[in-house]
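Notes follow once the structure below has been shown.
No value in this document is a laboratory result; all are computed from the given coordinates. Please read these numbers as outputs of a predicted model, since none were measured by experiment. Ideal geometry is used to build each Cβ from the backbone, glycine not excepted, and the neighbour counts take in all protein chains shown.
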């Protein structure tokens, strides 16, 4: 799996991702069910950290966030 | 040693005290935040380098050694979709520390319901290498904010 695919898997798969957008160093995602997150998979994908508040989950990925977000959107 | 200048004039605060958990926990990297002075102003480049990312509310400059410094103007200001921000430079420009990058007004951000506090963060850097962190003092734009050796 490439990094985008790993992140999608870590966020519970494509059908769990309601919305995703990038903000310079982080992906802001809205998930259908945030309990489906697999933090270990996300860490394996090289993310710096995961911050949850309800359905909104921020994944800190570094400056490649814009590119990653469009790669991820292609997978949804 | 990388010298990071303040992009705005204001009052410095610990990044751990700002209302953004990702910055506050240092997930992006260590840094310092500034409560900016009110009024229309230009936010400047904190270091010399290449402006690799430029959004209305945030920008990232990477120096010749690969150090990246992120300036984020206000909290959750991505939701403003650029309203009230004016780009004064272009993505991929070579910029000198102190060059004007984004025109904005912190009180406009506050009226839009967001904190105007600015985060200045060094990416992928060990917090232990940050020195001379000026926190709780007034700073001018282009004044030395902190130094980092990583």
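By other beta-carbon atoms within 10 Å, ranking B:53, A:43 with the fewest at the front produces A:43, B:53. Mean partner shielding of peptide A:21-29, defined as the number of other chain Cβ atoms within 10 Å of each residue Cβ, is 6. Seen from a random direction on average, the alpha-carbon convex hull of the protein assembly as shown projects onto 11.6 square nanometres. Counting every other Cβ atom within 10 Å of each residue's Cβ, B:118, B:150 order from fewest to most as B:150, B:118.
Computed over chain B, the per-residue total of -39500 (n - 2.57) for DSSP H runs of n ≥ 4 gives a 222 nm mean residue ellipticity of -1500 deg cm²/dmol, rounded to 500.
Counting every other Cβ atom within 10 Å of each residue's Cβ, B:108, B:59 order from fewest to most as B:108, B:59. For the Cα trace of chain B, dividing Rg by the Kirkwood Rh returns an Rg/Rh value of 0.92. Would you mind pulling out the separation of the Cα centroids of region B:72-118 and region A:2-67, in Å? Region B:72-118 and region A:2-67 have Cα centres spaced 25 Å from each other. The length gained by stretching the chain between residue A:44 and residue A:74 to full extension, at 0.36 nm per residue less their Cα-Cα distance, is 8.7 nm. 222 nm [θ] for chain A, helices only, -39500 (n - 2.57) per DSSP H run of 4+, per residue, to 500? The helix-only estimate for chain A comes to -9000 deg cm²/dmol at 222 nm. For region A:3-75, just say rounded, prolate or oblate: build the C-alpha gyration tensor, square-root its eigenvalues into a ≥ b ≥ c, call rounded for a/c under 1.5, and beyond that prolate if a/b exceeds b/c, oblate if not. Note, shape of region A:3-75 comes out rounded.
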